[in-house]
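Everything on this sheet refers to the single structure shown next.
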Amino acid sequence: MLKVPLSRLGQAALVMLVVSAVSFVMFRYVGDPVATMSRENASIEEKAELRRSLGLDQPLLVQYGRFLTRTLSGDLGISYRNQRPVTQLIAERLPATLELVIVATILSLAIGIPLGVLCALKPGGIAARLVQAVSLIGISTPTFVTGIVLILVFAVSLGWLPSFGRGQVVDLGWWSTGFLTISGLKSLILPGVTLALYQLTLIMRLVRAEMIDVLSSDYIRFAKARGLPTHYIHFRLALRNALMPVITVTGLQIGSLIAFAIVTETVFQWPGMGLLFIQAVSFVDIPVMAAYLLFVGLLFVLINTVVDILYAVVDPRLRARSA
Amino acid sequence: MIAPSASVLAIDRLRVEYPLANGTTFTAVENASLTIQPGEIHALVGESGAGKTTIGNTVMGLLETPGRIAAGSIHIDGKEFDPVKGSAAGIVLGRDVGAIFQDPMTSLNPLFTIGSQLMEAMRFHLKLDRIAAAARALELLESVGIPEPRRRLKAYPHQLSGGQRQRVVIAAALSCNPKLLVADEPTTALDVSVQAQILKLLRDLGDKRGIGILLVTHNMGVVAQIADRVTIMHRGQVVESGATEEVLRRPKAPYARALIGAVPRIDQRLDRFPVLGAEGKGRAEEARAELRTIAERSDPSADVEPILSVENLCVDYTTTGWLPGSRGHRFRAVKEVSFTIRSGEVFGLVGESGCGKTTIANVVSGLIKPTSGRVLYRGQTIAGEGATRRIGPLRQAIQMIFQDPYSSLNSRMRIGLILSEPILYYRLANSRAEAESDVARLIEAVGLESEAGQRFPHAFSGGQRQRLSIARALGARPKLIVCDEPTSSLDVSVQAQILNLLKDLRDATGLTLLLISHDLAVVRQMCDRVAVMRQGQLLEEADAATLFDDPKHPYTKELLSLVPTLDRIRGETQAA
Amino acid sequence: MKTLAPPPSLLIRLGAPISVILAAILAFVLVACALLAPFIAPYDPTDLASFELMNAELPPAFTADGDPRFVLGTDNQGRDLLSAMLYGARVSIAIGGGAVLLAASLGVTLGLLAGFYGGKVDSVIMRVADVILSFPTILLALLVSGIARALLSGASTAEWAPIILICAIAIHEWVQYARTVRAATMVEAAKDYVRAAKVIGLPSRRIMLRHILPNVMSPVLVISTINLAAAVLTEATLSFLGVGMPPTYPSLGTLIRIGNEFVFSGIWWIALFPALALVILVLAVNIVGDWLRDRFNPKLRVKR
């Protein structure tokens, strides 16, 4: 049956290993946990006691081993800043970020693919040139500037949409969603659009490039020579070929959307993981930084594996190789 | 003979132009006329740039965008072609006109099954439903001779071999019973044995289904084998047209005569290839004489024979695994090959693609290392176990010339610099000035003007570049030159010139040549002794005359019988 | 920056449309202004004595309440915004350019080695590249700067900020160079002119530098133009997030960060003008880079 190429699994393992090592090194060596965690006027004995209780006097590999075991059991330490378990903090923030990323991904695909096809089919046309020009402005504008401008226009001047926060959320036990309330949905619009804009231009340009490439291929020429209708050639045949790399890129982009959400969340004060992380960076809250890194690494690996499986399902050449 | 009005294709005084950016126009085809009757194969031949493919594309309505029909008319099945719409009224591309392209590896969409690609045209043009289309697709695959057609319907293109894919392409072209088939170099990308099958299939289409075929090709042998009529083109113009036998046997136009004369014969060996116009003599001969004196001066008397021996050579290719050091798949490209080359002879290594001949060339010239076995140059091991490091005279002794003249010269370096590199590296000149005069002599020896040294490679044609590539190899003052398909990307008239040049150089300087080629006729014309390879193994080794007149191995016999040649038509009268 | 972005004259020779040439000229003017900031800026924003709090938050000169001394108004500390922007752009461009240079030299070298030697060298370099590519630029940059800031004491962070930023950006960008150059090198290395050089016996170093390198440089130049724009954006983003250039030595991103706090109070110019400058600079470079990319990729060249 389906077999994800071994190399991909190897790579996933390597990535996780690197990530956990970096997290561990951060955890252990960056900043002095003892100094951060103990009271200001703690005595040397108290500090030594704390060091022992934290296991910091053990050999390095033992510490790394313990770190891995603790991590696997879901214990990621306690935030220096707000003295709560990091796992709990991340679990609270996860839904906000994921909902934002889902909205942005759907938006960017739904708009980016048709625009890309348009630009590829009528490369000299006015519409295509306009889209191309706007897309250049799109990739030249940093996310935070887009966010600020959107806030200025729609929140400050027009007052139509909220400029920060998630609005009212509905708690579904382990997941809090903004999809179910009007204010929640309204709050999603500006950050969602901001986050989507950058991805949208990337998707659009990719689809355009791939489509132009495919349209000049021999098999499309052969399809034309068989007299197949143009719309059939463009949308049934060429589009399918052109969308193959889009799968990979979308997968990668979901990962980088999670990272990019850091910026969007900062601009819109969106209570997600990114905001948590950036606050941790400015407070040098190492456990949170390390945990975020581990978590994003894991998400990445998961998404990439899913993309590989998906790719193998869609591309007959890979399907045959693994059969 | 059928009346002209019943012709499936009639092109009359066609002119095709491409407007250029600077306001002028480039005329790709001028005043071209031809007609094709049902069941007739009409070959359109010429060298690159002759305009033959442009005609094919125009008929299909697939002319590249700036190109336009400037004058003349095209009738397909009696209906006039509208140059604005790019089609003829009542004629549907794909239904009435079928197309076959050169490269079967890229003509089929990799993401769709063979069946769906066969069926789509029928569903659009013949309005067949899925079941009827599938039934007909099966029929088509059977008729083009694909084994296990039912299973192949569900297969994807990558699961088929090149020959099978080209059959699928033909089946797709036939799917709606076209009256006309445009085949653009349909066998150029295929090996001789597969080519023979595809050609037979095309001939059958004409004979049994009465389809008219416009066969665009550069290969005279193919023309001789299956075409009823032939039109020879040169720089956009028709130079000669008529029944194949008539044109090939008694060409009237000087260009046609030269073109046909330049096709290497497989049945007998000629001294030189006849070429159009005078060949560079005078200065070139002087320069070659100078090369000879240099060669004799530097040559130590210790001429150990044979000059090269290859002993039990094996070469494996392993794909690198994902992690450093991990092993991937292993593939044995050359299996226990042994042969020897004598001083001063031309030794030919011939076989179809993937037979391992280029791998051997790479080992001999030091580009790759053998897995086992060894190569000896004048008794000294140069590759394999216990090999002496290839430096200085040992490295100098064996040089190489390559297939693709467009990539064999670094486009960022002037010719002078490229040619002086080996001279300076081996310290064959005492000063820069001496190196420059060496370079000038080399350029003259290969029949070009010494001013060529100041220019960049893009200023030269393919044939000229191949001459320069030869000059670079000569610069190291080698004893043996490995020629890896030296003429297979050149037009046939240029090929004749380059092969003549190699012969002249060998006669003048006493070089030894190892000629790697897939072209049996070229090997016959050039080589003293020949070895035949298949799938990494050396099957037969013999004197050229013996091998071609009396082959021993069944594979050699088969190969010789399959090569499409002019010899059948040309006969003895044409030899002069 | 002459080595990174092609000069307009070259673009004209390559047949660039007028919009691309204008963009190139604009980019040059902006870069020149930024680099010459100390000579053309009306005030010195790094000189604490030159600005006063009583001049703080003055609107641009062309508005009703504007002060003619400050063309684009002043920031929250009374600094002339135009001067701060010129200096800020200089910082942004220097860091962006530095990151591109570092990434390009590292990436080209490794790509050349990987593509030429293949085998183990290739595997090792490309596995490292794969792992790095598994992380988005911004996350990696945040991590690097986060770790660097944690390791350095507070005071020296500001001093080291440009170096940290350059490294933080380059650590991701070299991969693109390495991959491109590796692929191009593999193509070139299989070509007959390289095989010819090997048969002659030329040393690998000479083959790589004299023969292959000049033939793989055009994609490198194209990537560099696009990457310069990307690097400037990444720097701005990091500074905006507060982990880049400190307010005492602001880049354009830092200025936008400062301005962002005042957007809600109607003081829009502190954020808007630097943002505009940033977008125009990056856009101009991107227009050139985008055209170059299409120009050097024959498949994407639009047929007209």
Exercise for the section: Test each condition in (1) of a type in the set (A, V, I, L, M, F, W, C); (2) crowded, with 18+ Cβ neighbours inside 10 Å; (3) within 14 Å of chain B (Cβ to nearest Cβ) for C:M217 and report the one that comes out false. Expected result: (2)
Handout entry: Where a residue in the range C:277-295 is without any contact (Cβ under 8 Å) to a residue 12 or more places away in the chain and closer than 21 Å to C:M85 by Cβ and its partner, wherever it lies, is open to solvent by less than 20 Å² (accessible area, probe 1.4 Å) and among the hydrophobic types (A, V, I, L, M, F, W, C), with Cβ under 9 Å and at least six apart
Key = C:V279/A:V145
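Condition check ((1) open to solvent by 50 Å² or more (accessible area, probe 1.4 Å); (2) at pLDDT 90 or above; (3) not aromatic (F, W, Y)) across all residues:
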site: B:E421; (1), (2), (3): no, yes, yes
site: B:L428; (1), (2), (3): no, no, yes
site: B:L442; (1), (2), (3): no, yes, yes
site: B:L448; (1), (2), (3): no, no, yes
site: B:H458; (1), (2), (3): yes, no, yes
site: B:S461; (1), (2), (3): yes, no, yes
site: B:A471; (1), (2), (3): no, yes, yes
Completion exercise
Conditions (1) crowded, with 21+ Cβ neighbours inside 10 Å; (2) in a helix (DSSP H, G or I); (3) touching a residue at least 24 places away in the same chain (Cβ under 8 Å) -> B:R506 fails only (1)
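May I ask you to say which residue of A:G165, A:G159 is part of a loop (DSSP other than H, G, I, E, B) and open to solvent by 30 Å² or more (accessible area, probe 1.4 Å)? Give the derivation first.
Details: A:G165 fails: open to solvent by 30 Å² or more (accessible area, probe 1.4 Å).
Among A:G165, A:G159, only A:G159 is part of a loop (DSSP other than H, G, I, E, B) and open to solvent by 30 Å² or more (accessible area, probe 1.4 Å).
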Exercise for the section: Could you please let me know if C:L48 is modelled with pLDDT under 70, of a type in the set (A, V, I, L, M) and closer than 17 Å to C:I267 by Cβ? Expected result: no
Completion exercise
A:F260 passes all but one of the listed conditions (1) under 20 Å from A:L197 (Cα atoms); (2) facing another protein chain (nearest Cβ under 8 Å); (3) open to solvent by less than 20 Å² (accessible area, probe 1.4 Å); (4) aromatic (F, W, Y); the exception is number (3)
Practice task
Scan A:G116, A:G192 and give me the residue that is more than 10 Å from chain C (Cβ to nearest Cβ), closer than 21 Å to A:I262 by Cα, open to solvent by less than 40 Å² (accessible area, probe 1.4 Å) and modelled with pLDDT of 85 or more.
Solution key: A:G192
Handout entry: Matching residues, the range C:115-174, being away from chain A (no Cβ under 14 Å) and among the basic types (K, R)
Key = C:K120
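Report yes if A:I182 is surrounded by fewer than 20 Cβ atoms within 10 Å (Cβ to Cβ) and of a type in the set (V, I, T), otherwise no. Break it down into steps so the answer makes sense when it comes.
Details: surrounded by fewer than 20 Cβ atoms within 10 Å (Cβ to Cβ): yes; of a type in the set (V, I, T): yes.
Yes.
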Exercise for the section: Hey, could you check the range B:410-435 for residues that are touching a residue at least 24 places away in the same chain (Cβ under 8 Å) and of a type in the set (G, A, S) and say which is farthest from the other protein chains (Cβ to nearest Cβ)? Expected result: B:G416
Practice task
Answer yes if at least one residue in the range A:204-214 is modelled with pLDDT of 80 or more and closer than 28 Å to B:D96 by Cα, and no otherwise.
Solution key: yes
Completion exercise
Within the range B:398-412, the residues that are within 19 Å of B:V439 (Cβ to Cβ), in a loop (DSSP other than H, G, I, E, B) and open to solvent by less than 10 Å² (accessible area, probe 1.4 Å) are B:P405, B:S408, B:L409, B:N410
Exercise for the section: Specify the residue that is nearest to the chain's Cα centre (by Cα); the eligible residues are those in the range A:263-311 that are open to solvent by 20 Å² or more (accessible area, probe 1.4 Å), more than 11 Å from every other protein chain (Cβ to nearest Cβ) and among the aromatic types (F, W, Y). Expected result: A:F295
Practice task
Considering (1) modelled with pLDDT under 85; (2) open to solvent by less than 70 Å² (accessible area, probe 1.4 Å), say which one A:S108 fails and leave the rest.
Solution key: (1)
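Only one residue in B:S407, B:S420, B:S431, B:S411 is closer than 20 Å to B:S450 by Cβ and in contact with a helix residue (DSSP H, G or I) (Cβ under 8 Å, 6 or more places away or on another chain), so which one is that?
Details: B:S407 fails: closer than 20 Å to B:S450 by Cβ; B:S431 fails: in contact with a helix residue (DSSP H, G or I) (Cβ under 8 Å, 6 or more places away or on another chain); B:S411 fails: closer than 20 Å to B:S450 by Cβ.
Of B:S407, B:S420, B:S431, B:S411, the one residue that is closer than 20 Å to B:S450 by Cβ and in contact with a helix residue (DSSP H, G or I) (Cβ under 8 Å, 6 or more places away or on another chain) is B:S420.
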Problem - Residue ranges of helices (runs of 4 or more DSSP H) in the range B:67-165 with at least 2 members in contact with a Cys (Cβ under 9 Å, 6 or more places away or on another chain) and within 13 Å of chain A (Cβ to nearest Cβ) - result: B:114-125
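So, of the residues in the range B:378-393 that are open to solvent by 20 Å² or more (accessible area, probe 1.4 Å) and outside any loop (DSSP other than H, G, I, E, B), which turns out to be farthest from the other protein chains (Cβ to nearest Cβ)? Give the steps one after another, and end with the answer.
Taking the range B:378-393 first, the residues open to solvent by 20 Å² or more (accessible area, probe 1.4 Å) are B:378-380, B:384-393.
Next, from what is left, pick out any that are outside any loop (DSSP other than H, G, I, E, B): B:380, B:384, B:393.
On the way: B:Q380: 16, B:G384: 18, B:P393: 11 Å.
Checking each candidate, the answer is B:G384.
The values are calculated or read from the model by the stated rules, or taken from the named source; none is laboratory data. Bear in mind the structure is a predicted one, so any value in this text is a computation, not a measurement. Virtual Cβ from ideal backbone geometry, glycine too; neighbours counted across all protein chains shown. Accessible surface areas use protein heavy atoms only, side chains included; no ligands, DNA or RNA. Shrake-Rupley method; radii C 1.70, N 1.55, O 1.52, S 1.80 Å.
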